[in-house]
Amino acid sequence: MDATQEQVTLGEAMRRGFMLRCPNCGKGSLFGRFLKVADHCPACGEAFSHHRADDFPPYLVIMIVGHVIVPLLFAVEMAWAPPMWLEFVIWIPATLISCLLLLQPMKGAVVGMQWQLGMHGFAEARQRRLA
Ligand SMILES: [Zn+2]
């Protein structure tokens, strides 16, 4: 263990996870596939199999996207009142694309948070880092 591993703050671990990188080293990929977290970091070997992100990332994505799309939708409706078909053509794809783009980074941030806080099976790794 080197000294930099001990100094990973919660914000940094979440930022690295959001950037789809290992929260420990910031270099290896956190994901094996789109939403499948890798078993371990290919760069530093840190185990990720302990994560329990579950439904928290989609909950956060729905909350964030909803708080962006709904006010925009209302603003467009109040300003221009476009026809309903145009509203569907704009807002349904915008919502779907926003959710798909944000889901993986948000899951990475949640895994980074769990890793830094030593939640679930990450407790042992945290003890090792702090020892
Ligand atoms: Zn790593």
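Okay, here's what the table says:
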| quantity | calculated |
| --- | --- |
| Pair list, Cβ < 6 Å and 6+ apart or interchain, from segment 13-40 residues that are within 13 Å of Q114 (Cβ to Cβ) and free of Cβ contacts under 8 Å to residues at least 12 places away in the same chain to residues that are part of a helix (DSSP H, G or I) and within 12 Å of the ligand (Cβ to nearest atom) | none |
| Test set (1) acidic (D, E); (2) under 30 Å from Q7 (Cα atoms); (3) free of Cβ contacts under 8 Å to residues at least 40 places away in the same chain - E46 fails condition number | (3) |
| Residues within segment 18-34 that are near the ligand (Cβ under 9 Å from one of its atoms), part of a loop (DSSP other than H, G, I, E, B) and more than 15 Å from P57 (Cβ to Cβ), tallied | 6 |
| Residue match in segment 75-90 (condition: modelled with pLDDT of 95 or more, crowded, with 16+ Cβ neighbours inside 10 Å and over 11 Å from the mean Cα position of the chain (by Cα)) | no |
| Residue within segment 35-57 that is more than 16 Å from the ligand (Cβ to nearest atom), under 22 Å from L100 (Cα atoms) and outside any loop (DSSP other than H, G, I, E, B) present | yes |
| Set V61, V70: member being aliphatic (A, V, I, L, M) and either in contact (Cβ under 8 Å) with a residue 24 or more places away in the chain or within 16 Å of the ligand (Cβ to nearest atom) (or both) | V61 |
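The values are calculated or read from the model by the stated rules, or taken from the named source; none is laboratory data. Here the structure is a predicted model, which is why all the values come from computation and not from measurement. Every residue, glycine among them, receives a Cβ derived from its backbone with ideal geometry; neighbour counts consider all protein chains shown.
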